[in-house]
1. Does segment 1-151 come out rounded, prolate or oblate, given a ≥ b ≥ c as the square roots of the eigenvalues of its C-alpha gyration tensor, rounded meaning a/c under 1.5 and, failing that, prolate meaning a/b above b/c?
2. Can you sort 333, 282 by 1.4 Å-probe accessible area, starting with the largest?
3. Quick one: longest stretch of the chain between exposed loop GluC sites (Glu not before Pro), exposed meaning at most 10 other C-beta atoms within 10 Å and loop per DSSP?
4. Out of 353, 368, 400, any idea which swings most in a Gaussian network model of the chain, alpha carbons joined below 10 Å?
5. Determine the gain in length on full extension of the stretch residue 38-residue 399; use 0.36 nm per residue of separation and subtract their C-alpha separation, reporting nm with one decimal.
6. Leaving out ligands and nucleic acids, and using a 1.4 Å probe, what accessible area per residue does segment 272-366 come to in Å²?
7. At 1.4 Å probe size, what's the solvent-accessible area of residue 109? Round to the nearest 10 Å².
8. Can you give the accessible area per residue of segment 116-182, in Å², using a 1.4 Å probe?
Amino acid sequence: MPEPPLYDVAVIGAGYVGLPLAVTFAEAGSRVLVIDVLPHVVDALNGGRSHIEDITSDRLAPLVDKGLVVASVDYEQVKHAHAVLIALPTPLSRQREPDLSFIERAAQSLAPVIQRGQVVVLESTTWPGTTREILQPILEEGSGLEAGVDFHLAMSPERVDPGREDWTTKTTPKVVGGIDPASTKAAADVYRAAIDAVHEVSTPDAAELTKLLENIYRAVNIALVNELAQLCDRMEIDVWEVVEAAATKPFGFASFKPGPGLGGHCIPIDPFYLTWKAREYDFSTRFIELAGEVNNNMPYFCRSLISQALNHGARKSVSGSKVLIVGVAYKPDIGDHRETPAEKLILLLRNAGADVSYHDPYVPEFGGMRSMPLQPEAYDCVAIVTNHSTIDYGELVRRGNVIVDFRNATKGHEVDGKVWKL
């Protein structure tokens, strides 16, 4: 009789998806192996120290002490796990095309150690067909085993929203699709040990497209209100008042808010995975591409708004003005600044000759700068890019010279000629 596996789950990748996933399984009593290529990350995890905001060290350390979480750089250890969950980044190249190099390298390392009966699941966001067309051939060629016969293979896209507490890895329903019914069931059974709800779909392609749809939905609707904000600027209508009023309708309307552009690990990137794949089918995803165009243009529009505010509010041009960016994280009350629109806005302002600094209580260093104390009176213009709840916006308005608010953070503290809004 074969010995039971040493680990219930092996998670490949200790990032913003992988570590919360590992901790969620461990808190449900599963024995978890975490694989990462960075030795310092592995050493920290084995010492009970977390590098991910959503997982505190106080939460991780007891699981490590109990032997429920073990980290390693050695893929050889994966052979001792019942299930293997791949949670690695899928960025875009400089040409805005999918970069699957992290997945491909992991698959090449994983293939030689795959065991009969194991369950392998891809969690990374990607284009429909990746599991079957990229991951499966690498695993089969490197292992000599056949997916669906010797081991199970499925896709279950991550749904992590950093900093969110109402919906966690445990409570957010999991979508699972395998390359055959047995793989779907095997993968679903793995997740049901730790996740509250699992929704099965017929194929990995359907699971992959589900994640893209979720993020495209948000990207398109954000583009809609961003475009509306630009029109409202010309029509001298308060876009925030309009959105707030529309949100009172109890049916048929979901509220999205404008802003200086898209940020984060998903919405600015994931839609382009589908536009890229659609070309293979001689199909143009016009809605998605138009949304990307509108959202990508927002930092340029915001730079113009800052220029207008300085001209009218301080009788100064952007060139030579001191500008303070408040908030460089991509959303409030976290330190995550991946794909933040603040980066593009700072570049545009500097190219226009502005002296740019930033203040963010969650991001001590950014773009070669350090966060400055919040002294709005020392700047010609203060631009609110991220509306952290720890900042007193009434005081900021009182002390500042010209305030440009891209997040409606100054609501209730507006001063004519001093506060300019998106």
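1. Verdict is oblate for segment 1-151.
2. Reading off the accessible areas and sorting them downward yields 282, 333.
3. Counting only loop sites that pass the neighbour cut-off, the longest clear stretch is 237-422.
4. 368
5. That pair, residue 38 and residue 399, stretches by 125.4 nm at full extension.
6. Accessible area per residue, segment 272-366: 48 Å².
7. Near enough 50 Å² of accessible area.
8. The answer is 39 Å² per residue.
The values are calculated or read from the model by the stated rules, or taken from the named source; none is laboratory data. The shown structure was predicted, so the numbers you read here are calculated from the model rather than taken from an experiment. Note that we place each Cβ from the backbone using ideal geometry, even for glycine, and neighbour counts take in every protein chain shown. With ligands, DNA and RNA removed, areas are computed over all heavy atoms of the protein, side chains included. Shrake-Rupley method; radii C 1.70, N 1.55, O 1.52, S 1.80 Å.
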